[in-house]
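Here the structure is laid out as C-alpha cells; the discussion comes afterwards.
The values are calculated or read from the model by the stated rules, or taken from the named source; none is laboratory data. Given the structure is predicted, the values throughout are model-derived calculations rather than measurements. Cβ sites come from the backbone with ideal geometry, for glycine too, and all protein chains shown count toward neighbours.
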Amino acid sequence: MFFSKLFGKKNSILGVDIGTSSIKIAQVSHADKKTLLETYGIVNIKYQLGGKNDDVAVAQMAQILKSLLEKARVTSKRCVISFPNSSVFTSVISMSKMTDKELATAVEFEAKKYVPLPLSDVDLSWSVIADPTNSSSQTKVLLTAVPRQITKNYMQVFSMAGLEPEVGEIEALALIRSLIGSVPSTCVIIDIGAKATGLNIIENGFLRLSRNLNIGGDTITNKIAESLNVSILRAEQFKKDFGVSSATFIPETIRPILSTIKNEVKQLLTIYQSQNIKVEKILLVGGGANLPGLAAFFGDLSIKVELGNPLLSVAYPSESESVLKRYSLSLAVAVGLALRKE
C-alpha cells in the first residue's frame, strides 16, 4: 500500500522487521508537524538466515525483500532494522553508577555472564536506560548481542536489496515506541509471532525485561492440524474462524499452548508485583494476536488486556483504515523502527 502521493515525501525513513516467517516494512515521514505512514508491506518467507554462511539463502531473501520494496513503492533507502528475537541475546542489568569510560569496561566484563557465546563471536552493544524516576545508586543498562555471522548475513541482504541500514535495535524497543510512545506506562507487551512469543515488561515506559518463548501461531496451527487430521491450510483457517472463543472442541486443543504463555506472564507479574510495581495493562500484538477470543483468555489475570494499536502515532488516509487494521498488529515492530529518532 502506497500513500506518498497523498502526503508528499519529506525526511522518510523505513522500518524493516525481519521475523521468523515474514518480512514487514513501514515507511514513515515527518512533514508539517505530522508523522505520516507513507507505505507498508508484508511478505511471507519460508526460511531464516541462521548463523552459518549461506550465500544462496542470502540471495533469495534479498530478492524477496527487493521485490517487496518495489511493490510497496518504497522511496527511502535509509532504514532502521531489527533482527528476530531468536537471534538476539538481550538483558537489562543493574550497574553501579560510574563514568562512561568506567561503565564501558564494566559492561563488557558483565556481558560474559549473560551472553552464552564468546564475546569475540558477537556484536555487542549496550545503552543506559535513562529513567528519570530512578533515584537509586544503580544504573540500568540494556545489553544486546548478535552473533557476528548473523549480522554479516543480514547486512548482505540489505545491501543486495539496495537499502542503507542506519541503526539496528531489538524488537522490544520498537514495540514501546509504536504502542506506548512517550507515555510513562507500566505494562506487559506480549508479541505473538509465527514461531516465537516475546514477553516484554515495561516500567514507566522503559524496558525492564525481554523474554522469548518458542511458541507462536504456527504452534497452534500445527496442533489443530494434528488433532483434526487436516492440512495446515485448513487448520490455519479453523484457527482464524474459531480461535479460543468458540464452543467447539478447537479451543480445548489449543488452550494448553496458550496457557503456557499465560503462566509465564503470571510468574513475571508475581515477581514484579512483589516489588510494588503496579502493572496497568497487558498489550497483545503480533500476527498471533488476531486469534479470536485471545484478550478474554488472558482476562483472569485481573489486569486490563487489550490489543495494541501501533497506528496511534501515525497519520494515514481514512479510507485505508479498514485494510490497515487487518495488518496493524503485524506491523507494530516495523512502525516502531521507522519512528525511531536520533
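Among the residues in the stretch 328-339, are any in a loop (DSSP other than H, G, I, E, B) and over 30 Å from residue 78 (Cα atoms)?
No - not one qualifying residue is present in the stretch 328-339.
Only residues that are touching a residue at least 60 places away in the same chain (Cβ under 8 Å) and over 21 Å from residue 21 (Cβ atoms): list them for the stretch 255-297, please.
Result: 264, 265, 268, 269, 272, 277, 278, 279, 280, 281, 282, 283.
With the condition kept exactly as written, say whether any residue in the stretch 105-118 is assigned by TED's automatic domain parsing to the domain that holds residue 59 and among the acidic types (Asp, Glu).
no
Can you pull out every residue in the stretch 297-320 that is over 22 Å from the mean Cα position of the chain (by Cα) and either closer than 17 Å to residue 26 by Cα or in a helix (DSSP H, G or I) (or both)?
If the condition is that a residue be over 22 Å from the mean Cα position of the chain (by Cα) and either closer than 17 Å to residue 26 by Cα or in a helix (DSSP H, G or I) (or both), then 299, 300, 301, 317, 318, 319, 320 are the ones that fit.
Which residues, taken from the stretch 96-120, are farther than 16 Å from residue 138 by Cβ, of a type in the set (Gly, Ala, Ser) and in contact with a strand residue (DSSP E or B) (Cβ under 9 Å, 6 or more places away or on another chain)?
104, 111
Condition first: more than 21 Å from the chain's Cα centre (by Cα) and closer than 26 Å to residue 191 by Cα. Now tell me which residues in the stretch 75-113 satisfy that.
Across the stretch 75-113, the qualifying residues are 94, 111.
Counting residues that are charged (D, E, K, R) and at pLDDT 95 or above, which strands (runs of 3 or more DSSP E) fully inside the stretch 4-64 reach at least 3?
By residue number, no strands (runs of 3 or more DSSP E) qualify.
Could you list, in sequence order, all residues of the stretch 245-271 that are under 19 Å from residue 298 (Cβ atoms) and at pLDDT below 85?
Selection gives 245, 246, 250, 251, 252, 253.
Can you name the condition, by its number, that residue 200 falls short on among (1) at pLDDT 90 or above; (2) surrounded by fewer than 14 Cβ atoms within 10 Å (Cβ to Cβ)?
Evaluating residue 200 over (1) at pLDDT 90 or above; (2) surrounded by fewer than 14 Cβ atoms within 10 Å (Cβ to Cβ) leaves (2) as the failure.
Which ones in the stretch 39-71 are within 21 Å of the chain's Cα centre (by Cα) and either under 17 Å from residue 162 (Cα atoms) or surrounded by 20 or more Cβ atoms within 10 Å (Cβ to Cβ) (or both)?
39, 40, 41, 49, 61, 62, 64, 65, 68, 69 - these are the residues of the stretch 39-71 that are within 21 Å of the chain's Cα centre (by Cα) and either under 17 Å from residue 162 (Cα atoms) or surrounded by 20 or more Cβ atoms within 10 Å (Cβ to Cβ) (or both).
For the condition more than 18 Å from residue 92 (Cα to Cα), touching an Asp or Glu at 6+ places or on another chain (Cβ under 9 Å) and part of a loop (DSSP other than H, G, I, E, B), what is the one hit in 235, 194, 225?
Being more than 18 Å from residue 92 (Cα to Cα), touching an Asp or Glu at 6+ places or on another chain (Cβ under 9 Å) and part of a loop (DSSP other than H, G, I, E, B) holds for just one of 235, 194, 225, which is 194.
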